[in-house]
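Reading through the structure tokens given below for one structure.
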Amino acid sequence: MTFTCYSFDSVSSSMDVASDLYQKGISPPFSIYAKEQTQGRGRRGRTWESPQGNIYATFVLSCSPRLFHLSPFAAVLGLHCALLNVAGPADPKTIHHPKREDFHSLLTLKWPNDLLLNGKKIAGILLEVLEIKQDSVILSLGIGVNTSSSPLHVLYPTTNLKDEGVMIPNESLMECLGHCLLDSFSFLENGGWPSLRRKWISLHDPKHSLIHLQQEEQRIKGTFMDLDTNGHLVLETDDGTIKSFATGDVFFAGSSASA
Ligand code: BTN
């Protein structure tokens, strides 16, 4: 099984195109790839700056309703796998090898599904539901990867692969991303969550264990303890209690955007 890919030079948002095609009867899995977006969107109604050069993609696939809450983790681990496969030093598709041999160790995760390179955001994932059926949820998985420029983000430091010494053709990453996402979701469907969860935890940077979690009006300070079996973030808060959180924006204490 592969994603049928529809490519565009410019779209409002690949999420809108994916939704339109699905409403018109195109069956998942399919993907949208755009060279630029004029109204790219991020999580929580934010704007996702989308100039030419980076990857803007939406993958439409179906997922079991009982696993829907774990889809952000399957998505980010699929993305992580694709980046390692395509940008890793040994891959012949890599035009220019990463400057640093430690590329693998520089690629880390921030809860729930942000991918960081060298501590800075390199990619974002937006999940939308296109339809809830009795035995499946049709997911629209929007993925933006900064391959050649770093749109300014008011909340987080950002970076891009080119500035970090990795130059890869967007088309190679897109192709690999499709395979890795399908593998990751199929692994999840086949009882793979315990292993995906361990993988996710292993990719959380211990340097970033002090966390500020922003939830609407309140900001919670704590130390990262775990990702629980529901995918919730487990923190030891300042008063020594262990609490788990289902929502919020994570900031790392001490980073420029954490004030
Ligand atoms: C985030 O806020 O971190 C999520 C950003 C998701 C951006 C991608 S780019 C492709 C797809 N189309 C959009 O409009 N947004 C997502």
Other-chain or far-sequence residues with amide H under 5 Å of Cys5's (modelled H) = Ser31
ask   = Reported to two decimal places, what Rg/Rh ratio describes the stretch 131-259 when computed on Cα atoms with Rh from the Kirkwood expression?
value = 1.00
request  = May I ask which of Lys110/Lys133; Lys110/Lys221; Lys110/Lys207; Lys120/Lys207 have a Cα-Cα span longer than 19 Å here?
outcome  = Lys110/Lys133
request  = Please list, in chain and number order, the residues 5+ apart from Asp226 or on another chain whose amide H is under 5 Å from its amide H, with Hs placed from the backbone.
outcome  = Val234
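Mind sorting Leu227, Leu181 by how few other Cβ atoms lie within 10 Å of their own Cβ, fewest first?
Details: Leu227 21, Leu181 25.
In increasing order of surrounding Cβ atoms, one gets Leu227, Leu181.
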ask   = Residues with amide H under 5 Å of Ser12's amide H, sequence separation 5 or more or different chain, H placed in the peptide plane at 1.01 Å from N; which?
value = Thr38
In Hz, Karplus ³J(HN,Hα) per residue of the stretch 115-130 (6.51, -1.76, 1.60; θ = phi - 60°; x = Gly, Pro) = 9, 10, 10, 6, x, 10, 5, 10, 7, x, 10, 10, 10, 10, 9, 8
query = Stokes-Einstein at 20 °C, 1.002 mPa s, Kirkwood radius from Cα pairs: D for the stretch 1-83 in µm² s⁻¹?
reply = 156
message = Given the DSSP H assignment, sum -39500 (n - 2.57) over each helix run of at least 4 residues in the chain and divide by its residue total; what's the result at 222 nm in deg cm²/dmol, nearest 500?
response = -7500 deg cm²/dmol
key: ³J(HN,Hα) computed for each position of the stretch 46-61 - Karplus, 6.51 cos²θ - 1.76 cosθ + 1.60, integer Hz, glycine/proline x   = 7, 8, 10, 4, 9, x, 4, x, 8, 9, 10, 9, 10, 10, 9, 8
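Among Met174, Met167, Met15, Met1, rank each residue by its count of other Cβ atoms within 10 Å, from fewest to most, as a rough exposure measure. Don't jump to the answer; show the numbers that get you there.
Numbers: Met174 21, Met167 15, Met15 25, Met1 9.
Ranked by crowding around the Cβ, least crowded first: Met1, Met167, Met174, Met15.
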ask   = For the chain, can you list the cysteines whose C-beta has no other cysteine C-beta under 4.7 Å from it?
value = Cys5, Cys63, Cys176
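Provide, as a two-decimal number, the C-alpha radius of gyration of the stretch 208-252 over 2.2 N^0.38 Å, N being how many residues it has. Walk me through the numbers on the way to the answer.
Numbers: Rg = 9.5 Å, N = 45, 2.2 N^0.38 = 9.3 Å.
Its radius of gyration relative to the 2.2 N^0.38 Å reference: 1.02.
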remark   = Ratio for the chain, C-alpha Rg to 2.2 N^0.38 Å, reads 0.97
remark   = Pseudo-spin-label distance Asp226 to Arg44, built 7 Å along Cα→Cβ, given in nm, is 2.6
key: the chain - share of DSSP beta bridges that are antiparallel (%, nearest 5)   = 85
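Here, each number is a calculation from the coordinates, and none is a lab measurement. Computed from a predicted model, the values in this text were never measured in an experiment. We place every Cβ from the backbone using ideal geometry, glycine too, and count neighbours over all the protein chains shown.
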